[in-house]
Amino acid sequence: MAVAAYASLVSLTDVLDSVQLPRRRHRLHLDKEQIQSLQQKVLFLQHFLELHSQRISPEMEDLARQLAVVADEADDIIDYHVVNQLLEKSRDNTHHMAALSSFRQDIDKIIKNIDSITEKLMMVQEERVAIQEHPPTIFASMGTTAPSSSDKNTMVGFDERLFQVVDELTRDESDFQILPIVGMGGIGKTTLAQNAFHHRLIVDRFDICIWFTISQQYSVRELLLKYLINAKIIEARVGGELDLAKLGECFHKLLFRKRYLIVMDDLWSIKAWEDFNRYFPVNSNGSRILVTTRLLDVARSLGFDNHYFTMTFLDNDESWDLLCEKAFARKSCPYPELEEIGRNIARYCFGLPLAIVVIGGLLAKSNHTREYWDFVEKNVTSFVNSGDDDHCLKILSLSYHSLPIHLKPCFLYMRVFPEDDWIEASKLIKLWIGEGFLKPVGGKSMKGAAEEYLKDLVDRNLILIRKWTRSGKIKECGIHDILRELCFRESKREHLIRVPKAQKIHISIPISDDTCFLCGHGGESNKIHLQEVCVGSQSTKVVNPSVCEACSNMYQNLNKLRWVSIHDQSCVRYLLHTKLRYLDVERGDRFSMNRSVIILDKFFLLWNLQILDLNSMETTSLSEVWEMPKLRHLCNYTGSLPDPVKGQDSTILQNLSTVWIQKFCCSEEVVKRIPNLKKLCSSGWLSGDYCLAQFNKLESLHLGFGKSGLEDIGFPTSLTKLSLVFCTFHWEKMTIIGSSLPNLEVLKLHSAFEGAEWSPIEGEFLRLKVLVIFSEELEHWGAEDIHFPNLHALYLHHMKNLEEIPLSIGDINTLQSIYLDKCRVSTINSAMEILKDQKEKGNESLQIYVNVVNEEPVYFRLR
């Protein structure tokens, strides 16, 4: 319960911050000193739990339970008064003294309840200290930074097995074969398959390599659709309209007569295999299917002549080697006094790689003292000696219990995502912020704090990195299914999400307004279990937020929704009295020309809203945005942000850091109102005076469909990422970008420049790491290695007229990869010359990827 109490207190602190923010049109009537007094008490309790979360007694657990309830009640009371005042203010300007008095009385009750719990907590703590002669050491993770091992899948003890798998897959036999890998969860099946999948012999042998993660809940259509879209075989808009038969036919055609390798990871049944198998052509050319499964009967059924690979546990030496790799980022222990203890820890993980990796992440974050390692050894040993078959989960729980309390809610939140899900890091961060789990530390923003939290959990091997961005940041992540099970177990124990507090609703199928989504008057298919709504299950699908009077009276907690995703704007009006922090609105038919218009005149009631994604929905006006002081993220592809009304009491949107808008009014007043803007995307063009240089914290800028000159924009020197799309600039103007942006690291040019020749100038683009060019006009690129001395990756798309890539580009010491997509043959040949030249110079690290335009695109890597 300490985690639930802590999460509620952090969320309440954010609410108290919100209620004190100045508002120009809808000023709240409250006792500011009283609110600040309450906030200080809440911050004290946060600090207390941070200090003592590792040694909470049963008495403290009971008090923490009470504290969580009081904090949630305080959240409700504040929201009640704020919404009532906003509603009254929108009608007339009377009764504010009565509102102030009522608000003050309720806050006073909250303070008394918190004071009572605080006093009891202090008494319990004093008694505990008095009893103990030596208070126990708090074994929380230390602040030392260890190298992250998350960017690679360490193979320890499986070299021979990897050789066998690769040999089987590349054997010169034309028969179509299925090779199963079987073993318990966490034993390394997926890691072995991944290392085989990316092995050089595999990449060279197969025309197409495809990876499917199946899991217990799967959709053949969704997996095929996702692959075909990612491989650019079909467009998302077209694919969304195709049924399974059409998608399967397209997939079958893609593989026909090609030598392919398909990995089916985490297969749970023969039925799942049969559902997919019909779309795999049986080519007699050495095509292979590699399957990983926990079920021996599945492996036996699929394996040719009953042949399959069985994963075995690591022996003691291999376990120790893997633990060293994770704890020290090296193959041996640099502390002789810890080796004996460490070997015991590794031995009692029973050779299970997942357990060793997670414990290694725990030890990597420690200060490597004998006392701490003794503590870990004692706990791991006790789990083994208990005789409980669940010892693996108990070993993994060590890492959870050793987490600082501020990371625990974020880790436990991972359970809401489906098994084996690929989670967008940006979305996860928004959800953490929306739940109120985060607090800014060290001057960082909420987003910055969330990124630190995510990195910390990755470094502890509790969250997996599934995909990186071009600039080297986490793009997609996930969690091992055993650790996900741990999240479920610990969430239940911690009571982190308490019914009936609703956390999320996803609204996807609009029906008649008189149909209640709780009791389902519209028919049996429209019914939904209340508990699903209350706990925010990922599987929750709500057909309409309309609630009948009976259900509204019975379930009054529906106004506590934090995150709502709506695919029809007609549902918006039901949500104006909720505690929304994250609202995502998009029509199901995004490409329809008959889109409805959202009216935002009542959005000021969403006083705590932080993330507003209107996507492609049209709006009457976004002027209400200027009355949302908590707003952090605004997205509306088809809207425009109007110039705010000038005034000395203007609301300053200190938190607004991301704006994605069609037409951005870049005036002096706008600059004044959003001083901390970090990311700006204007899919139309800028209007007003060009004051971009005054956004001195802007890091990422995306501009599209521009007609003005580059010299008119005035880029801020703080930019690290710039994207220009469908502009009409000339290549000689590139020097404006190169000379005025000393911190630029990522540059994306999509049909942004006109002309046949670009000759870069030395001394510009000194920090550029990623360069992406999409141009059908460019013929000659007069670049050398000195022009991009820090380049890591080069992407060339649709360069149909580019004669060649300059040979000296390969001499850039930092260059790791070149990607060519639909380029002319001479350009591809020049890339092969670069690769050959670099190999002759001893450079084996450069990788070149090519997409050749045939009947179907085929991606391969030049070697």
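The values are calculated or read from the model by the stated rules, or taken from the named source; none is laboratory data. Bear in mind that the values here come from a model prediction, so they are computed numbers and not experimental data. All Cβ positions, glycine included, derive from the backbone under ideal geometry; neighbour counts span all protein chains shown.
Couple of notes before you dig in:
- Of the criteria (1) touching a Ser or Thr at 6+ places or on another chain (Cβ under 9 Å); (2) not in a loop (DSSP other than H, G, I, E, B), which one Gly351 fails: (2)
- Taken together, the criteria place Val166 among residues that are modelled with pLDDT of 90 or more, within 34 Å of the chain's Cα centre (by Cα), among the β-branched types (Val, Ile, Thr) and outside the structural domain of His52 (by TED's automatic domain parsing).
- Number of positions in the range 260-289 that are within 20 Å of Val165 (Cα to Cα) and of a type in the set (D, E, K, R): 3
- Residue selected from the range 225-247 under the condition assigned to a helix (DSSP H, G or I) and more than 24 Å from Pro418 (Cα to Cα), by the criterion modelled with the lowest pLDDT: Arg237
- From the list Leu314, Leu322, the one residue that fits, being more than 17 Å from Val376 (Cα to Cα), buried (at least 19 other Cβ atoms within 10 Å of the Cβ) and among the aliphatic types (A, V, I, L, M), is Leu314.
- Considering the range 158-177, the residues that are among the charged types (D, E, K, R) and assigned to a loop (DSSP other than H, G, I, E, B) include one that is nearest to Leu322 (Cα to Cα), namely Arg171.
- Looking only at the range 430-445, residues that are touching a helix residue (DSSP H, G or I) at 6+ places or on another chain (Cβ under 9 Å), in contact (Cβ under 8 Å) with a residue 12 or more places away in the chain and surrounded by fewer than 22 Cβ atoms within 10 Å (Cβ to Cβ) come to 2 in all.
- The range 591-626 - residue that is modelled with pLDDT under 80 and touching a Phe, Trp or Tyr at 6+ places or on another chain (Cβ under 9 Å) and, of those, nearest to Leu653 (Cα to Cα): Glu624
- Selection within the range 455-477 - on the phi > 0 side of the Ramachandran plot and crowded, with 20+ Cβ neighbours inside 10 Å: Asn461
- Residue list for the range 658-677, filter: touching a strand residue (DSSP E or B) at 6+ places or on another chain (Cβ under 8 Å) and in contact (Cβ under 8 Å) with a residue 24 or more places away in the chain: Thr658, Val659, Trp660, Ile661, Gln662, Lys663, Phe664, Cys665, Cys666, Val670
- Of all residues in the range 301-338, those that are outside any loop (DSSP other than H, G, I, E, B) and either among the aromatic types (Phe, Trp, Tyr) or at pLDDT 85 or above (or both) total 21.
- Any hit, the range 741-760, residues being surrounded by fewer than 20 Cβ atoms within 10 Å (Cβ to Cβ), at pLDDT below 95 and under 18 Å from Cys666 (Cβ atoms): no
- Subset tally (residues that are surrounded by fewer than 16 Cβ atoms within 10 Å (Cβ to Cβ) and under 21 Å from Lys822 (Cα atoms)) for the range 239-257: 1
- Residue within the range 43-58 that is more than 32 Å from the chain's Cα centre (by Cα) and not in a loop (DSSP other than H, G, I, E, B) present: yes
- One residue alone among Tyr308, Tyr348 is surrounded by 14 or more Cβ atoms within 10 Å (Cβ to Cβ), over 22 Å from Gln194 (Cβ atoms) and aromatic (Phe, Trp, Tyr), and that residue is Tyr348.
- Looking only at the range 438-483, residues that are in a helix (DSSP H, G or I), out of contact with any Cys (no Cβ under 9 Å at 6 or more places or on another chain) and at pLDDT below 85 come to 3 in all.
- Boolean, Leu9 is in the same structural domain as Lys120 (by TED's automatic domain parsing), closer than 29 Å to Met628 by Cα, surrounded by 19 or more Cβ atoms within 10 Å (Cβ to Cβ) and over 32 Å from the mean Cα position of the chain (by Cα): no
- Given (1) surrounded by fewer than 18 Cβ atoms within 10 Å (Cβ to Cβ); (2) in a loop (DSSP other than H, G, I, E, B); (3) in contact (Cβ under 8 Å) with a residue 40 or more places away in the chain, number of the condition His406 does not satisfy: (1)
- Any strands (runs of 3 or more DSSP E) falling wholly within the range 725-824 and containing at least 1 residues that are within 27 Å of Gly842 (Cα to Cα) and in contact with a Cys (Cβ under 9 Å, 6 or more places away or on another chain): 793-797
- Condition check for Glu222 on (1) closer than 25 Å to Asp175 by Cα; (2) assigned to a helix (DSSP H, G or I): one failure, at (1).
- The number of residues in the range 466-495 being over 20 Å from Met184 (Cα atoms) and not acidic (Asp, Glu) comes to 15.
- Taken over the range 204-239, the criterion of being without any contact (Cβ under 8 Å) to a residue 12 or more places away in the chain and in contact with an Asp or Glu (Cβ under 8 Å, 6 or more places away or on another chain) is satisfied by Ile229 alone.
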